[in-house]
């Protein structure tokens, strides 16, 4: 199969394409790990992780923290409420809004989610030495900060 090149580069060598590929590959394995450890689908586990780490959260904050759109975050939050893992209470700042926090049972499941995250992080970076891990962390911090600036200025186009 012949690969066509764009204007001076190959698509599969671009940073955005490679990050997206890495994300998809890790999501597939992480989904299985979350299901085995918690019985939760990926979006629910991500939301539970974010709620446990940053509670109390509004649904909008949850969407941002879990990298989901608001609809996905809302559905996941409701699923977690229905399972008794998350409590939903009126926001003290806005009567039209709610805040989410973990229940006691949610805290137990959250710990299993965090164990999966730690294990998957270790597995995906196992091929790197300490210096490479530190460099990767610094580079990702720099890219994320720049991407936030681009998104805020309306220049955050996606693949």
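The values are calculated or read from the model by the stated rules, or taken from the named source; none is laboratory data. All values derive from a computational prediction rather than experimental measurement. In this analysis, Cβ positions are derived from the backbone assuming ideal geometry, glycine residues included, and neighbour counts consider all displayed protein chains.
Descriptive notes on the structure:
- Condition check for residue 95: over 15 Å from residue 40 (Cα atoms) and part of a helix (DSSP H, G or I): no
- Of the listed requirements (1) surrounded by 13 or more Cβ atoms within 10 Å (Cβ to Cβ); (2) not in a helix (DSSP H, G or I), residue 9 misses just one: (1).
- Annotation note: Cβ proximity below 8 Å between a residue of the range 54-80 that is on the phi > 0 side of the Ramachandran plot and free of Cβ contacts under 8 Å to residues at least 24 places away in the same chain and a residue that is part of a helix (DSSP H, G or I) and surrounded by 17 or more Cβ atoms within 10 Å (Cβ to Cβ) (sequence gap 6+ or interchain) occurs for 67/46.
- Condition check for residue 115: farther than 18 Å from residue 63 by Cβ and modelled with pLDDT under 95: no
- Failed item in (1) within 17 Å of residue 107 (Cβ to Cβ); (2) touching a residue at least 24 places away in the same chain (Cβ under 8 Å); (3) not in a helix (DSSP H, G or I), with residue 84 passing the rest: (2)
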